[in-house]
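Enquirer: Got a structure here, written out as structure tokens. Questions coming.
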Amino acid sequence: MDELFTPEQAAAILQVSPKTLKDWLRAGKLPGCKIGRFWRVKPADLEAFIRASRLRHTREECVDPRQDC
């Protein structure tokens, strides 16, 4: 069975507040599941979120459409 992170653990990894992380979970920005009334995050989902955030950030930095970013 896969390890699951609590919102507090995932927030510590991302260096954000647990409230911010829970807001992302509620909004669907970060995949997670509720077990009873508690949120849990799969490590693979957290890694995918980090990769997608880096990719979006890199694309935003590319201002000149002629450049191959």
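The values are calculated or read from the model by the stated rules, or taken from the named source; none is laboratory data. Please read these numbers as outputs of a predicted model, since none were measured by experiment. As a convention, Cβ positions derive from the backbone with ideal geometry for all residues, glycine included, and neighbour counts pool all protein chains shown. For the accessible areas, the whole protein counts, side chains as well, though only heavy atoms, and no ligand, DNA or RNA atoms are used. Shrake-Rupley method; radii C 1.70, N 1.55, O 1.52, S 1.80 Å.
Enquirer: Can you say whether residue 42 is open to solvent by 60 Å² or more (accessible area, probe 1.4 Å), modelled with pLDDT of 95 or more and either touching a Gly at 6+ places or on another chain (Cβ under 9 Å) or among the hydroxyl-bearing types (Ser, Thr, Tyr) (or both), as far as the supplied structure shows?
Expert: For residue 42, the condition - open to solvent by 60 Å² or more (accessible area, probe 1.4 Å), modelled with pLDDT of 95 or more and either touching a Gly at 6+ places or on another chain (Cβ under 9 Å) or among the hydroxyl-bearing types (Ser, Thr, Tyr) (or both) - is met.
Enquirer: Out of all the residues in the range 19-39, which are farther than 20 Å from residue 52 by Cα, surrounded by fewer than 17 Cβ atoms within 10 Å (Cβ to Cβ) and not basic (Lys, Arg)?
Expert: If the condition is that a residue be farther than 20 Å from residue 52 by Cα, surrounded by fewer than 17 Cβ atoms within 10 Å (Cβ to Cβ) and not basic (Lys, Arg), then 35, 36, 38 are the ones that fit.
Enquirer: Yes or no: the range 2-17 includes at least one residue that is among the β-branched types (Val, Ile, Thr), part of a helix (DSSP H, G or I) and open to solvent by 50 Å² or more (accessible area, probe 1.4 Å).
Expert: yes
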